[in-house]
Amino acid sequence: MTCQGRLYVVAAPSGAGKTSLVNALIKAVPQVQLSISHTTRAIRPGEENGVHYFFTTKPEFEALIAQGAFLEHATVFTNYYGTSRTFVEQTLAAGRDVILEIDWQGHEQIKQLFPSSIGIFILPPSMEALRERLTSRKQDSAEVIAARLADAKEAVSHLPSFEYVVMNDDFNTALAELSAILIAERLRTPVQAVRYAHLVEGIKKL
């Protein structure tokens with residue numbers, strides 16, 4: 001019997017290392033799929049459409065909103081971000097876990113639709129380290145970096161609504177902790193009872 005996949009939301013302040021951790025997690029743990037978000041922000045060097053994001057215009061994004069194509073969507077630093085409803089529902093039904101790499105606003109919307117979804121918040125080791133990471137990326141102006149740091153304070157205030165918190169000081173340690181969360185969730189009795197129903201029933205008949 002195919003078990004329904006689990007839905008995970010991984011959120012973090014910008015610059016906390018969320019994307020690098022999620023990419024490594026997908027390689028480390030089998031049967032987990034990253035949901036590729038739609039966004040209206042400009043494509044960055046090294047990014048590919050359909051791989052990192054589905055890059056769209058604001059009119060195209062607004063049309064998708066009107067069609068009900070998104071499970072959640074939010075405006076972050078003047079740009080839209082949204083999660084495809086069809087992709088997530090079909091992937092979960094196929095028994096694969098799905099990770100949404102979104103912000104705290106998206107997490108709140110997903111919790112309304114999927115109360116059993118698992119929220120994981122990635123903390124930076126300090127605000128000083130976060131500022132250094134944002135500056136070293138050399139992708140944003142001083143004004144944008146200041147806005148991202150202010151947004152980090154807002155994001156952290158929503159930390160209690162997440163089931164798990166991982167602090168990304170040492171990358172390998174943070175990755176191991178993320179992997180442990182997914183593995184532990186798969187070992188919960190309701191999940192295992194479905195996965196091994198034939199075995200359990202066979203033992204009962206002995």
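For segment 109-119, indicate whether the set of residues that are under 20 Å from residue 181 (Cα atoms), part of a helix (DSSP H, G or I) and not basic (Lys, Arg) is non-empty. Within segment 109-119, one or more residues are under 20 Å from residue 181 (Cα atoms), part of a helix (DSSP H, G or I) and not basic (Lys, Arg). Quick check on this structure: which one of 65, 43, 36 is under 30 Å from residue 184 (Cβ atoms) and without any contact (Cβ under 8 Å) to a residue 60 or more places away in the chain? Exactly one residue qualifies, and that residue is 36.
Would you confirm whether or not segment 78-93 contains a residue that is open to solvent by 70 Å² or more (accessible area, probe 1.4 Å) and either over 19 Å from residue 113 (Cβ atoms) or part of a strand (DSSP E or B) (or both)? Yes - at least one qualifying residue is present in segment 78-93.
Of the residues contained in segment 145-168, one or more are found to be among the aliphatic types (A, V, I, L, M), under 25 Å from residue 33 (Cα atoms), touching a residue at least 12 places away in the same chain (Cβ under 8 Å) and open to solvent by 50 Å² or more (accessible area, probe 1.4 Å). For residue 112, the requirement of being within 25 Å of residue 160 (Cα to Cα) and not aliphatic (A, V, I, L, M) is met. Taking residue 184 as meeting all but one of (1) surrounded by 10 or more Cβ atoms within 10 Å (Cβ to Cβ); (2) touching a residue at least 60 places away in the same chain (Cβ under 8 Å), write down the number of the exception. Status for residue 184: all satisfied but (2).
Anything in segment 120-149 that is outside any loop (DSSP other than H, G, I, E, B), of a type outside the set (D, E, K, R) and touching a helix residue (DSSP H, G or I) at 6+ places or on another chain (Cβ under 8 Å)? List them, or say none.
Correct list: 120, 121, 122, 123, 127, 130, 134, 135, 145, 149.
The single residue among 66, 16 that is surrounded by 14 or more Cβ atoms within 10 Å (Cβ to Cβ) and among the small types (Gly, Ala, Ser) turns out to be 16. Going through segment 83-106 one residue at a time, which ones are within 26 Å of residue 169 (Cβ to Cβ) and in contact with a Leu (Cβ under 8 Å, 6 or more places away or on another chain)? Correct list: 97, 99, 100, 101, 106.
The values are calculated or read from the model by the stated rules, or taken from the named source; none is laboratory data. What you see is a predicted model; the values in this text were computed from it and never measured. Don't worry about glycine lacking a Cβ; one is built from the backbone with ideal geometry, like all the others, and counts go over all protein chains shown. Surface accessibility is based on the protein's heavy atoms, side chains included, excluding ligands, DNA and RNA. Shrake-Rupley method; radii C 1.70, N 1.55, O 1.52, S 1.80 Å.
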